[in-house]
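Take a look at the structure below.
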Amino acid sequence: MRILGVLLVLAVLIGGAWTAFWFYAAGETGRSLEAWMAQEAAQGRRWVCPNRAVTGYPLAMDVACDLPSFAGPMLGEQAVGSLAGLTMRASLASPSHATLTLAPPFVYRTAGGQTDFSVTWSRMSVDLDGLTTQLNAGAASGTDIVVQGRFGALGAQATRAAKADVTLAASSGTADPAVDFTIAVGGAGVPVLDDVLGGVQPAELTLTGRVTHADLEDAPSPAALIERWRQRGGAITFASAQLARGPSRVDASGPLHLDDAHRIEGKLDASFTGAGPILRRYGINPNLAAAGSILNSLFGKHDAGSKPAGPDAISLPIVFRNGRLGVGPVVTPVALSPLY
């Protein structure tokens, strides 16, 4: 009985200490959030977290908001935005890692109305790593995503995806700040892609690679941010880029950047499988292209990433140069407009 009594006293003491610690951590979380909101307010951005509640006792910390919103300057433009709801969960055992669960829709609108769009989804979560030190990695995952509205100079757009997963992580061992990325989108319906490739089949897209000079500082506008990146020699290098759509598939790799006219420039080593209709759409004879691909594989020099993906694949470079899109030796009618 004496031992049981001692154990009971220890349980009460430990439980009381843990409860006190949890409430202290909850208070610190609230104070940290208030401090961050105050810093943002000093920059003219007002964030609101209505009906904030802190729960999750005893092993986690959940901070929930109903209809969180912001108003103020975003990339040089006055804007407002909101979510239907947000919950951030952090484990007391690993406070630097947090998972955000987002409730749709997200709406965003600039003061002049040039950009005015909404995003809906069935499920959306965001993982952040490095909250207590320096944010160094993040991942987002969602299903049944629909984006529609007006996007500045791009005008009205509407896209959808059955699922999407994005992972970003700070690169190690690089002279300048760089970010490694992996993007996987399934069941995507993109009108711009339909215009380029023809047809309306859903697409499967997988991208992996690195963005150099990724120290994204504040800028007066999105265009200024991208221009700063361009002037510093920023580039996107695709270790692998795969696009599958119906019976057609394209595998590519290589670097891209922006030219002085703010257009995409670069060369991707690529192979096309079942892409005869797409090649014919731009005046490329698949039979001649296949012959050229065979000769190139026999006598030319190419990297491993440019090897055909299958027995019927055609290896041809995709070239972005002087405002035009080229496939192999053919310059297609596709014009590359400045991005900003």
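Only the coordinates and a few stated rules stand behind these numbers; no lab work does. Just so you know, these numbers come straight off a predicted model, no measurement behind them. Please note: Cβ atoms are built from the backbone with ideal geometry, for glycine as well, and neighbour counts cover all protein chains shown.
What the table shows:
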quantity: Whole-Hz couplings from phi, Karplus 6.51/-1.76/1.60, listed for region 320-335; x for Gly and Pro; calculated: 10, 8, 6, x, 10, 9, x, 10, x, x, 9, 8, 7, x, 6, 8
quantity: In sequence order, calculated HN-Hα J values of region 251-264 (Karplus, 6.51, -1.76, 1.60; Hz; x Gly/Pro); calculated: 10, 8, 7, x, x, 9, 8, 10, 7, 5, 8, 6, 9, 5
quantity: Fewest-first ranking of R109, R324, using other Cβ atoms within 10 Å as the exposure measure; calculated: R324, R109
quantity: Projected label distance in nm at D127 and H262, using a 7 Å step from Cα toward the beta-carbon; calculated: 3.7
quantity: Reduced Cα scattering model of region 29-95, Debye log10 I(q)/I(0), q = 0.23 Å⁻¹; calculated: -1.02
